[in-house]
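Heads up, the thing below is written out as structure tokens.
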Amino acid sequence: SAGDYEEILKYYELHETIGTGGFAKVKLARHLLTAEKVAIKIMDKAALGDDLPRVKIEIDAMKNLSHQHICRLYQVIETSKKIFMVLEYCPGGELFDYIISKDRLSEEEARVFFRQIVSAIAYVHGKGYAHRDLKPENLLIDKEHNLKLIDFGLCAKPKGGLDYHLNTCCGSPAYAAPELIQGKAYIGSEADIWSMGVLLYALLCGFLPFDDANVMVTYKKIMLGHIDEDCVTELSVFHKQSRESILELISEWKYDHMSATYFLLQSKKARGKHVCLRVPCLTGH
Ligand SMILES: O=C(Nc1ccc2c(c1)CCNCC2)c1ccc(-c2cn[nH]c2)cc1OCc1ccccc1
């Protein structure tokens with residue numbers, strides 16, 4: 001209702017709504033005193049429900065973060081029904097849409113962007129936070145074509161410091177680290193590093209390394225990430241066993257003869273040699 005906007009309208013001229021997310025909408029606005037453009041994220045407290053703590057986490061985190069590649073929070077206004085976050089203007093929109101519009105980025109452009117992401121995450125980790133929802137949708141492009149990290153709603157600032165294990169499984173499946181999707185205790189900063197690797201792949205390829213319509217298949221692909229298909233096929237043919245049984249045997253990493261053969265097949269392949277196993281010599285030498 002108009003009453004909720006009374007205070008924000010003292011300082012900002014509100015313009016069109018440019019985005020409506022889950023429980024927030026983003027409006028363009030102009031700061032009256034400086035005439036600077038800003039984005040205002042408007043949340044309805046009732047609609048937020050039990051997501052309200054997530055907004056508090058985000059606001060507290062952003063108040064502590066000041067970095068050239070993190071979207072700046074300028075002001076927070078809370079009324080009885082609404083929360084307004086006045087944020088840095090990022091007219092380039094989401095990196096996600098930008099990658100799609102260009103199919104994939106050149107190595108030069110990907111390198112510039114990736115260095116900005118690494119710089120932002122190194123800073124976030126240095127302040128004792130883990131972002132935990134790194135993905136191209138959470139990286140906006142500003143008017144100078146630089147990246148700005150957003151959405152600290154899932155971030156964690158473990159009391160015991162960053163080497164403290166976290167448990168809540170969160171973030172987007174395609175960007176989630178193996179230990180996270182296995183429900184194991186994990187180190188937040190290490191999970192962020194994994195997500196950055198997936199992000200780099202997405203920048204350079206324009207598609208995701210581990211993805212499927214079915215989230216369980218996505219998880220399976222993440223867990224098998226490092227398995228080399230050719231080597232598995234050669235082993236299953238040689239041992240006259242199914243691919244699945246060979247996969248099971250390899251994934252146990254027992255450092256038995258199966259592990260050795262798999263590793264040595266991989267190194268043969270890496271050196272451009274045929275991925276093949278010798279039939280045992282009949283003459284026994
Ligand atoms: O300034 C922001 N967005 C933004 C501003 C102008 C324009 C665009 C986008 C692209 C759409 N065409 C009009 C130009 C902007 C700033 C901060 C945050 C933000 C910071 N924590 N949480 C959210 C979100 C923002 O937006 C979300 C968005 C809306 C529509 C599409 C793409 C992105």
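Per the conditions (1) surrounded by 14 or more Cβ atoms within 10 Å (Cβ to Cβ); (2) at positive phi, the sole criterion not satisfied by Lys240 is (1).
Regarding segment 157-177, can at least one residue be identified that is at pLDDT 95 or above and β-branched (Val, Ile, Thr)? Looking through segment 157-177, none of the residues is at pLDDT 95 or above and β-branched (Val, Ile, Thr). Taking helices (runs of 4 or more DSSP H) as the structural unit, those lying wholly within segment 114-225 and holding at least 2 residues that are surrounded by 15 or more Cβ atoms within 10 Å (Cβ to Cβ) and in contact with a His (Cβ under 8 Å, 6 or more places away or on another chain) correspond to 188-205. Cβ separations smaller than 8 Å between residues 6+ apart or across chains give no pair from segment 69-90 residues that are farther than 21 Å from Val124 by Cβ to residues that are of a type in the set (Asp, Glu) and crowded, with 21+ Cβ neighbours inside 10 Å.
A quick yes/no check of all residues on (1) under 27 Å from Lys37 (Cβ atoms); (2) more than 16 Å from the ligand (Cβ to nearest atom); (3) in contact with a strand residue (DSSP E or B) (Cβ under 7 Å, 6 or more places away or on another chain):
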position: Thr79; (1), (2), (3): yes, yes, no
position: Lys82; (1), (2), (3): yes, no, yes
position: Arg104; (1), (2), (3): no, yes, no
position: Glu107; (1), (2), (3): no, yes, no
position: Arg115; (1), (2), (3): yes, yes, no
position: Val118; (1), (2), (3): no, yes, no
position: Asn138; (1), (2), (3): yes, no, yes
position: Asn167; (1), (2), (3): no, yes, no
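Return yes or no: is Ser66 under 27 Å from Ile8 (Cβ atoms), free of Cβ contacts under 8 Å to residues at least 60 places away in the same chain, polar (S, T, N, Q) and out of contact with any Ser or Thr (no Cβ under 9 Å at 6 or more places or on another chain)? Yes: the conditions hold for Ser66. Scanning segment 35-61 for residues that are more than 15 Å from Ile77 (Cβ to Cβ), within 15 Å of the ligand (Cβ to nearest atom) and without any contact (Cβ under 8 Å) to a residue 12 or more places away in the chain yields one hit, Asp60. Residues of segment 76-107 that are open to solvent by 50 Å² or more (accessible area, probe 1.4 Å) and either under 20 Å from Leu14 (Cβ atoms) or in a helix (DSSP H, G or I) (or both): Val76, Glu78, Ser80, Lys81, Pro91, Phe96, Asp97, Ile100, Ser101, Glu107. Residues in segment 143-165 that are closer than 17 Å to Ala61 by Cα and within 13 Å of the ligand (Cβ to nearest atom): 8 in all.
Restricting segment 7-34 to residues that are in contact (Cβ under 8 Å) with a residue 60 or more places away in the chain and away from the ligand (no atom under 12 Å from the Cβ) leaves a set whose member that is surrounded by the fewest Cβ atoms within 10 Å (Cβ to Cβ) is Glu7. In a residue-by-residue description of segment 249-261, the property of being open to solvent by 80 Å² or more (accessible area, probe 1.4 Å) and under 18 Å from Pro280 (Cβ atoms) applies to at least one position.
The values are calculated or read from the model by the stated rules, or taken from the named source; none is laboratory data. These numbers come from a predicted model, not from an experiment. No Cβ is skipped: glycine too gets one built from the backbone with ideal geometry, and neighbour counts run over all protein chains shown. Ligands, DNA and RNA are stripped out before the accessible areas are found, and what is left, the full protein with its side chains, is counted by its heavy atoms. Shrake-Rupley method; radii C 1.70, N 1.55, O 1.52, S 1.80 Å.
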